[in-house]
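Trainee: Please find one structure pasted underneath; my questions will follow.
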Amino acid sequence: MTVLITGGAGYIGSHCCVAFLEAGYDIVVIDNLSNSSNVSLQRIEAITGRKVPCEIADIRDQSKLEEILEKYKCSAVVHFAGLKAVGESTQMPLAYYENNVVGTHRLLSAMVNTGVKQMIFSSSATVYGEPQFLPLTEDHPTSAVNPYGRTKLMIEEMLADVAASDPAWRFGILRYFNPVGAHLSGQIGENPLGIPNNLMPFITQVADGRREQLSVFGNDYDTRDGTGIRDYIHVTDLVDGHLRAHEVLASGSAPSNCFAVNLGTGNGYSVLEMVRAFERASNKEIRYAFAPRRDGDVAECYADTELAEKVLDWKAERDLDAMCRDTWNWVCKNPRGYETSTG
């Protein structure tokens, strides 16, 4: 049976494709390529030696989804497709609700009509909002503070309601912290279109000369060096968590038919610690300048990973140096992302 991977041409989706193919699964990708490149699919095939069927389509197209689920005899879905930029979500909230919430509703409806009842959902630590305590456990109150986070939370609640309606459903909700890094081969990695949304691509663009310096937003937080602290996780570890979640759901050994777990390392790194680690990995100076805090940024955010270790028998293995080294390898081989490459 085949696993449908929505958004499989994107950053995390492409790495997930590799993990599932190397574990022996058949997959099919659906992606509208609005924030991704089909070059990543060619790279996945080169890495794994296996073909990657891809349907260029939108998850809001329910009839197309049903056609794909039936055509490939899918037994499960890993759902990445959606818009993902916090700042953009505050400027275009309706687009986020339509793509993320309505799109997931259409996907679930298509699954109902084709008898597919297993999904792993790509959620986010943004559902927790302002941390009331650290580390963040899965029973921390949820209170998303921006449209992006609210779409993730709405989808989580939708999945819980669907699971409660029929015990045959199986949902694994994976709350990501901050994915970074790239595949060890340097063939697939983060390929932001336009202005990046996350810290690591900004750092890499200073390292390779595309930007003069990094803006560090806030140096007066109550942290060890005054800059914000986040839990960064290597994308390869992250997708290994998806593979384990799929296996747990398929085997019937999940704690319930709808569970949520954090995927992080349990360690927090400050912006300046990230800068220093990347300087070590790249042997480049990362120039930076402090700027005022951004609205909505919290001082510190990192995961409690105990539940993921217990439920999934999974733990992040790659350290910060590996995250930076693999990112730099990707950047060196692909100086303009998938537009150009040197190997």
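Quick note: the coordinates plus some simple rules give every number you see, no bench work behind them. None of the values given here were measured: they were computed from a predicted structure. Using ideal geometry, Cβ is built from the backbone for each residue, glycine included, and neighbour counts are taken over all protein chains shown.
Trainee: For a quick check, take a GNM of the chain with Cα springs below 10 Å and name the residue from His246, His140, His183 with the largest mean-square fluctuation.
Mentor: His140
Trainee: Using the Cα gyration tensor of the stretch 144-259, with a ≥ b ≥ c the square roots of its eigenvalues, what is the shape: rounded (a/c below 1.5), prolate (a/b larger than b/c) or oblate (neither)?
Mentor: prolate
Trainee: Round to the nearest 10 and give me the degree value, 0 to 90, for the angle of helix 62-71's Cα axis relative to the longest principal axis of the chain.
Mentor: Result, in degrees: 70.
Trainee: OK, next. Give a quick list of trypsin sites (Lys or Arg not before Pro) in the stretch 216-276 that DSSP marks as loop, anything other than H, G, I, E or B, with at most 15 other Cβ atoms within 10 Å.
Mentor: Qualifying residues, ordered by number: Arg224.
Trainee: Can you tell me how much longer the chain between Ala23 and Arg294 gets when fully stretched, taken as 0.36 nm per residue apart minus their C-alpha distance, in nm with one decimal?
Mentor: 93.4 nm
Trainee: For Asp61 and Asp166, FRET efficiency with R0 = 22 Å and r from the beta-carbon atoms, rounded to 0.05?
Mentor: 0.35
Trainee: Taking every DSSP beta bridge that has both residues in the chain, what percent is antiparallel when rounded to the nearest 5?
Mentor: 5 percent
Trainee: Right, here's the next one. Work out the length of the dipole vector of the stretch 48-121 about its Cα centre, built from +1 on the beta-carbon of each Lys and Arg and -1 on the beta-carbon of each Asp and Glu, and round it to the nearest 20 debye.
Mentor: The dipole magnitude comes to about 320 debye.
Trainee: Give, rounded to the nearest 20 debye, the magnitude of the charge dipole that the chain has about its Cα centre when Lys and Arg contribute +1 at Cβ and Asp and Glu contribute -1 at Cβ.
Mentor: Magnitude of the dipole: close to 740 debye.
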